[in-house]
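Single-structure report; data block below.
The values are calculated or read from the model by the stated rules, or taken from the named source; none is laboratory data. This structure is a prediction, so every number in the text was calculated from the model and none was measured. As a convention, Cβ positions derive from the backbone with ideal geometry for all residues, glycine included, and neighbour counts pool all protein chains shown. For accessibility, only protein heavy atoms count, side chains too; no ligands or nucleic acids. Shrake-Rupley method; radii C 1.70, N 1.55, O 1.52, S 1.80 Å.
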Amino acid sequence: MSEIISSTLTTCPYCGTGCGVKADLCADGSVVISGDPDHPANYGKLCVKGSALAETLTREGRLEYPEISGRRASWDEALDLMATKFGEAIRDHGPDSVALYVSGQILTEDYYVANKFMKGFVGSANIDTNSRLCMASSVAGHKRAFGTDTVPQTYQDLECADLVVLVGSNLAWCHPILFQRVAAAKAARPDMRVVNIDPRRTATSELADLSLAIAPGADVALFCGLLIHLDRAGKRDASFVGDHTSGLDATLEAALPFAELAAVAEATGLSVADIRNFYELFAATEKTLTVFSQGVNQSSAGSDKVNAIINCHLLTGRIGREGCGPISVTGQPNAMGGREVGGLANQLAAHLELTEPAHRALVQEFWRSPQIAATAGHKAVDLFRAVEGGQIKALWIMATNPVDSLPDADRVKTALAKCPFVVVSDVTRDTDTMKFGHVLLPALAWGEKDGTVTNSERRISRQRAFVEAPGEARADWEALAELGRRMGWADGFGFDNVAEVFREHAALSGHRLEIVRDFDISALSSLSDDEFDALTPFQWPRRANESLRNDDSRFFADGRFFTPDGRGRFVATPFRPPRSRPTAELPFWLNTGRIRDQWHTMTRTGVSARLSGHIAEPFAEIAPADAQRLGIAPASLVRVKNARAEVIVRALVTDRQSEGAVFVPIHWTDRFAAKARVDALVGPETDPVSGQPESKAATVALEPFVAHWHAFAVTREVEPQPSVAYWARARIAGGARFELADDDALDVEALARRLFGEAEWVRFADPSRGRIRLAAIREHQVVGLLFVAPEPVEVARDWICEAFGETPIEAGAAIDLLAGRPAGARKDPGRRVCSCFGVGINQIRVAAEAGYWTVAEIGEVLKAGSNCGSCKPEIAKILAEGANRAAAE
């Protein structure tokens, strides 16, 4: 390794865990990533995505300069055009004719300037964020119960709880470090119990003592039944409820339809025995922590789901104390920071209320702004409806990819194509959304940005720059401030650096404290630039003139809330099932979500060969009975479709999936697959309170995709676009791998030229069996391999990808590679399980046969699972399956 010339402590840019990262910059320009051992979120551990961050620090595919209508432009020209277009729209059509759509990927300082620009100077609340898609229901539920958007608990409670209830949260894959904290606590205290509530069996289920495969959208029914059970079992904390809450009677009355376990079973699809077991366990365990995430939030009843959970904690007084309370874990690195500065269309900065005149006056006075938005703007789904309807004349999209991530995604395409003026700020040049930008602005990526983020336990940490930005990329807050100045508001946007933005944000949080709120970091409003640079992670609140409390602070154990009367509010939550229901034409529930090693639409993780090795193509999890009934063979291709769209993905037939349901991940876009944008299938139904879309309960039909041929290829070319019905691309060392298929005739050399360019061919064919194997040779080196068969190709994919590697392969080696399997002493590692150390399933099975039968032993002999731990549940499952096979024999 090259000499380390600098070390920087920063924060991971992926999920809302907010892990601390140590980035060592070496003399040769390389970067070595490790966990920050002192950061309270992760204590030195990183998941596989965090561990691979150095592999994403690349200029490949970067947007480096502003563009106008496809040509390079200067920042001055781009910003002048933006000022003109935004100004004309406001002049001719009013402030609500312009909008910003931003992202939990931007930093708090970016968010702050964006909201100040729109709400305080443009005078419109038409600014929303892709965080609307992941945590808006948590915000709404918190505000209804607590009076403000307060997360009462901390990560320490994961280790202190005697019962951890996970609801709609595949923690093992989506928040791996938090999962490892729970797993370590359970190993240390075997009496600790874990309940996992999820429609499908996931990696998280491997840790659970009780898994509840709940019907889609039925969480409210389950927790209403729990509330009644707790009350009848004498678990009401009469003192806490009587002195510190309101609304219990109406809430219990709304829950009465689920007073009997049979009614809960009918609504949830669970057995009476499992429901009773869960209810009795919850009732008997004082230190109960309920962790909820997207499976709760992403629902047309998401706000009610949140409040149904909170109601159970309020009734028992189990809130804000060590090891007991509700905690929402957010999906994005700065969803919480966006909430602090009013990032949503119905919020004001500093957790103040847009609908309250006194709050608006406070913020306008502090900003010295000419006007302030008085009504909520369009929430995400409605915002793009307004674009489609022509109400929005100028739109700036920042650090997000709504053409792929919003529901009814094809309609978003239509809307953007109609918009008179679209600006897109991003890191990557060729996202699906970038195609619709009239102006493209190059933004800073992780490692180049400087500012703060807030994680799911209210902990603010620094993201710090440690590498040079390419070309003319700029911070988002700088671009926003410069536009504000060009529109005539120089006094409001005269920021010289990011520390100045942070100081203003902190000062606003403590301005006029007669208006009480939870969020207050005014103790930091006078930090010097050097002190900001050195800022260490801390939890809010940090109020001025208060002694700094210890970290792991909690809210509400004292019974003081932020409602007008100071009482916590029970919220009645009558059960409303999902608006869409399976029918004869659309008989399957569609669930969407994340996989372990990828992030959002893969603009960052898609460049890493390591992260693409675990799951290389889009898939649909289908129950065996459903697959058999429909004639869908394992590893074949399947159409998932409804009236909105269709996708073609690989069938993963598994008993983890419940009958009548299908799961498809969200990550694949038109850059990575032919037809896999799953959000095109998801309808625009939203929660009436939060505006969050229903992303877990669309309805679809399934049918086999009958291909005439299938193919697997590896190529030195990174981004060819094959013209076939199905293709999926994933990065490998030194190039890319492809899965391909079509229901039309194959011209193998035309396909090879599309994949590899012009080359000489080494070709083997078995016409009677429809099999072709071809190597592309250029300048005496193998530049591509193509394997074609009438059924899904059976070759040792991971071995081929590894052998192809980064090292040039002489033409003479083509014959060995075209064999498709290693010869002699070399072994096929099999499907990748551990991305950190490149360990495959066959290697784990061989180790198990040699007597290594525990996850810890596999870690010792193969290293698998010994770094980030994300693969431990999968290793445990492989070992259990092997043990079962051995016992059967």
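Need at least 3 residues that are free of Cβ contacts under 8 Å to residues at least 12 places away in the same chain per element, so show me which helices (runs of 4 or more DSSP H) inside region 265-343 make the cut, counting only ones lying wholly within it.
Details: elements: 272-284, 294-297, 302-316, 335-340.
In region 265-343, 272-284 are the helices (runs of 4 or more DSSP H) which contain 3 or more residues that are free of Cβ contacts under 8 Å to residues at least 12 places away in the same chain.
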Exercise for the section: Starting from residues that are open to solvent by less than 40 Å² (accessible area, probe 1.4 Å) and in a loop (DSSP other than H, G, I, E, B), keep the ones in region 747-773 and report whichever is farthest from GLY784 (Cα to Cα). Expected result: GLY770
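Can you tell me which residue within region 794-829, out of those that are in a loop (DSSP other than H, G, I, E, B) and in contact (Cβ under 8 Å) with a residue 60 or more places away in the chain, is surrounded by the most Cβ atoms within 10 Å (Cβ to Cβ)?
Of region 794-829, the ones in a loop (DSSP other than H, G, I, E, B) are 794-796, 805-809, 819-829.
When the remaining residues are screened for being in contact (Cβ under 8 Å) with a residue 60 or more places away in the chain, the result is 795, 805-807.
Details: VAL795: 18, GLY805: 15, GLU806: 10, THR807: 9.
Applying the filter and picking the extreme gives VAL795.
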Exercise for the section: Kindly check whether there is at least one residue in region 352-365 that is under 29 Å from LEU163 (Cα atoms), modelled with pLDDT of 95 or more, more than 19 Å from the chain's Cα centre (by Cα) and open to solvent by less than 10 Å² (accessible area, probe 1.4 Å). Expected result: no
Completion exercise
Expected single match for β-branched (Val, Ile, Thr), in a loop (DSSP other than H, G, I, E, B) and under 30 Å from GLU448 (Cα atoms) among THR536, THR583, THR563, THR573 is THR536
Exercise for the section: Please indicate, with yes or no, whether at least one residue in region 146-162 is part of a loop (DSSP other than H, G, I, E, B), open to solvent by 10 Å² or more (accessible area, probe 1.4 Å) and charged (D, E, K, R). Expected result: yes
Exercise for the section: State which residue pairs qualify: first residue part of a loop (DSSP other than H, G, I, E, B) and inside region 685-698, second residue open to solvent by 10 Å² or more (accessible area, probe 1.4 Å) and aromatic (Phe, Trp, Tyr) in any location, beta carbons under 8 Å apart, and separation of 6 or more residues or different chains. Expected result: ALA697/TRP589
Exercise for the section: Return yes when THR58 is assigned to a loop (DSSP other than H, G, I, E, B), open to solvent by 10 Å² or more (accessible area, probe 1.4 Å) and either farther than 30 Å from LEU158 by Cα or touching a residue at least 60 places away in the same chain (Cβ under 8 Å) (or both) and no when it is not. Expected result: yes
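Across region 572-626, what is the total count of residues that are closer than 30 Å to GLU55 by Cα and not hydroxyl-bearing (Ser, Thr, Tyr)? It would help to see each step written out before you state the result.
Of all residues in region 572-626, those closer than 30 Å to GLU55 by Cα come to 592-621.
If we keep only those that are not hydroxyl-bearing (Ser, Thr, Tyr) too, we end up with 593-600, 602, 604, 606-607, 609-611, 613-621.
Total satisfying the criteria: 24.
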Practice task
For region 717-746, name all the residues that are surrounded by fewer than 24 Cβ atoms within 10 Å (Cβ to Cβ) and touching a Gly at 6+ places or on another chain (Cβ under 7 Å).
Solution key: GLU717, VAL718, ALA733, GLY734
Exercise for the section: Quickly run through region 76-94 and pick out the residues that are in contact (Cβ under 8 Å) with a residue 60 or more places away in the chain, surrounded by 16 or more Cβ atoms within 10 Å (Cβ to Cβ) and in contact with a helix residue (DSSP H, G or I) (Cβ under 8 Å, 6 or more places away or on another chain). Expected result: LEU79, MET82, ALA83, PHE86, ALA89
Practice task
Within region 500-531, work out how many residues are in contact (Cβ under 8 Å) with a residue 40 or more places away in the chain and assigned to a helix (DSSP H, G or I).
Solution key: 7
Practice task
Could you please find all residues in region 649-671 being buried (at least 19 other Cβ atoms within 10 Å of the Cβ) and more than 19 Å from LEU406 (Cα to Cα)?
Solution key: VAL649, ARG650, ALA651, LEU652, VAL653, GLN657, SER658, ALA661, VAL662
Completion exercise
By residue number, the members of region 5-31 that are under 17 Å from GLU468 (Cβ atoms) and touching a strand residue (DSSP E or B) at 6+ places or on another chain (Cβ under 8 Å) are ILE5, SER6, SER7, THR8, THR10, ALA23, ASP24, LEU25, CYS26, ALA27, VAL31
Fill in the blank from the handout: Given the conditions (1) in a helix (DSSP H, G or I); (2) open to solvent by 10 Å² or more (accessible area, probe 1.4 Å); (3) within 19 Å of THR603 (Cα to Cα), every one holds for TYR65 apart from (1)
Completion exercise
Those residues of region 422-439 which are open to solvent by 10 Å² or more (accessible area, probe 1.4 Å), part of a strand (DSSP E or B) and not hydroxyl-bearing (Ser, Thr, Tyr) amount to ASP426
Exercise for the section: Just give me the residues in region 1-42 being within 22 Å of the chain's Cα centre (by Cα), open to solvent by 30 Å² or more (accessible area, probe 1.4 Å) and closer than 27 Å to MET135 by Cβ, in sequence order. Expected result: none
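With respect to ILE397, is the statement that it is under 30 Å from GLY494 (Cβ atoms) and buried (at least 21 other Cβ atoms within 10 Å of the Cβ) true?
Numbers: under 30 Å from GLY494 (Cβ atoms): yes; buried (at least 21 other Cβ atoms within 10 Å of the Cβ): yes.
So ILE397 fits the description; yes.
Among helices (runs of 4 or more DSSP H) lying entirely in region 186-256, which contain 2 or more residues that are open to solvent by less than 10 Å² (accessible area, probe 1.4 Å)? Spell out the reasoning first.
Details: elements: 219-232, 238-244, 248-255.
Here the list reads 219-232, 248-255.
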Practice task
Kindly establish whether ALA376 is in a loop (DSSP other than H, G, I, E, B) and either open to solvent by less than 10 Å² (accessible area, probe 1.4 Å) or touching a Leu at 6+ places or on another chain (Cβ under 8 Å) (or both).
Solution key: yes
